[in-house]
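The values are calculated or read from the model by the stated rules, or taken from the named source; none is laboratory data. Quantities reported herein were computed from a predicted structural model and do not represent experimental measurements. In this analysis, Cβ positions are derived from the backbone assuming ideal geometry, glycine residues included, and neighbour counts consider all displayed protein chains.
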Amino acid sequence: MLNTLILSFTLAPLLFLLVYKPFKRYIEDYDHTLRSLTESEQRFHDIAEHAKEWIWEVDANGKFTYSSSVVEKILGYTSEEVVGKHFYDFFHPDEKEVLKQEAFEVFAAKMPFTEFINRNNDKNGMSVWLATSGIPILDENGELLGYRGADAVKHEESAITDVLTGVLNRRGFYLLAGQQIRMAIRNNLCIVILFADMDNLKQINDELGHLEGDRALVEMANVLKDSVRETDIVARYGGDEFVVLLTDITTTNVEQIVLRNIEKHIEAFNSTYDRRYTLSISVGFSAHDTEDMFSIDELILHADNSMYKRKRASRGDFMSTSRVSMT
């Protein structure tokens, strides 16, 4: 018994050196690491709260796990209202599914991205165009945990909307059309460009005044919007010219369908007795499919050329009945 006690007292300092001190160092190192991580996260949050951009984090399913308070300046929502929702919950309904698919393709590749242009609805229902950049957050096995990134305002709605007609202006059209064409290329889909020109705007302006001419432009924009789907993109290209991007084409006779719709709406407008003018329009189409890889400008040029060929071949009087031409 005495020998055991003597051995215990002899080994105690050794055990203290071998076990306690390393364990104590482990605890101290762990505590230091934890404090460092906490301080690092705090620095990140401090920076995020004072940045001009909206800083955020989402999990692998796209659900917000963190949002800086800057989101309230951009979209009108508080951070608390954003956390727990998915990033695509704020996308504009017209582009939600397309942009959601494009975003999750990036998620699947686990790649960083920059300047992902997306239209969001703010709390008041107004459109805000954001440029989104992000980097993947991976675990030690390379599995995706989520993304951390930032959003900056790219365009206010007023900057890409035609003030008179309310449809997109040329800048807005190129902004949306570029994304749609990239999606079409990736998914081997066909898209169609419609180019339209009012036949008689100058005559309306000269004979009835520019106020009536402006009303005619608004009516023509409404005709085009009513003749296509909500997911299609309608824009005033400039002056009396309009352009429409028909997306997600699933039928071979989409041009004929749209053409009939336009003609029907123009005839309905012209049949109203209290109109001081009639609407008349010429239309051309061009298609982009997997075999013909054209840029937006080339597609517009082809549609414009086909429209002008028909327009020159079918000029009529100012008060003629509605006419739609195509190739």
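Remarks
- Looking only at the range 67-95, and only at residues there that are out of contact with any helix residue (DSSP H, G or I) (no Cβ under 8 Å at 6 or more places or on another chain) and not in a helix (DSSP H, G or I), the one that is nearest to Asn124 (Cα to Cα): Gly76
- The range 174-197, subset farther than 19 Å from Lys96 by Cβ and not β-branched (Val, Ile, Thr), residue surrounded by the fewest Cβ atoms within 10 Å (Cβ to Cβ): Asn188
- Within the range 158-169, being out of contact with any Asp or Glu (no Cβ under 8 Å at 6 or more places or on another chain) and surrounded by fewer than 16 Cβ atoms within 10 Å (Cβ to Cβ) holds for Ser158, Ala159, Val163, Gly166.
- Looking only at residues in the range 161-213 that are among the charged types (D, E, K, R), within 24 Å of Tyr308 (Cβ to Cβ) and part of a helix (DSSP H, G or I), the one that is farthest from the chain's Cα centre (by Cα) is Glu207.
- Candidates Ile257, Ile233, Ile266, Ile249, filtered to the one that is in contact with a Ser or Thr (Cβ under 6 Å, 6 or more places away or on another chain) and of a type in the set (A, V, I, L, M): Ile266
- Ser68 surrounded by fewer than 20 Cβ atoms within 10 Å (Cβ to Cβ), under 21 Å from Lys154 (Cα atoms) and either over 18 Å from the mean Cα position of the chain (by Cα) or modelled with pLDDT of 90 or more (or both): no
- Checked against (1) surrounded by 22 or more Cβ atoms within 10 Å (Cβ to Cβ); (2) over 19 Å from the mean Cα position of the chain (by Cα), Glu219 meets all criteria but (1).
- Among the residues examined, Leu145 qualifies as assigned by TED's automatic domain parsing to the domain that holds Ala103, surrounded by fewer than 18 Cβ atoms within 10 Å (Cβ to Cβ), outside any loop (DSSP other than H, G, I, E, B) and touching a strand residue (DSSP E or B) at 6+ places or on another chain (Cβ under 6 Å).
- If the condition is being surrounded by fewer than 17 Cβ atoms within 10 Å (Cβ to Cβ) and either in contact with a strand residue (DSSP E or B) (Cβ under 8 Å, 6 or more places away or on another chain) or under 22 Å from Lys110 (Cβ atoms) (or both), then the range 50-65 contributes Ala51, Lys52, Asp59, Ala60, Asn61, Lys63, Thr65.
- Only residues that are touching a residue at least 12 places away in the same chain (Cβ under 8 Å) and small (Gly, Ala, Ser) were counted in the range 108-136, giving 4.
- Candidate set from the range 237-295 (those that are buried (at least 19 other Cβ atoms within 10 Å of the Cβ) and assigned to a loop (DSSP other than H, G, I, E, B)); member that is modelled with the lowest pLDDT: Thr247
- Within the range 107-142, the set of residues being of a type in the set (D, E, K, R), surrounded by fewer than 16 Cβ atoms within 10 Å (Cβ to Cβ) and assigned to a strand (DSSP E or B) comprises Glu115 only.
- Members of the range 222-236 found to be crowded, with 20+ Cβ neighbours inside 10 Å and closer than 15 Å to Met198 by Cβ, listed by number: Val223, Leu224, Ser227, Val234, Ala235, Arg236
- Residue list for the range 79-105, filter: touching a residue at least 40 places away in the same chain (Cβ under 8 Å) and either hydroxyl-bearing (Ser, Thr, Tyr) or buried (at least 16 other Cβ atoms within 10 Å of the Cβ) (or both): Asp94, Glu95, Val98, Leu99, Glu102, Ala103
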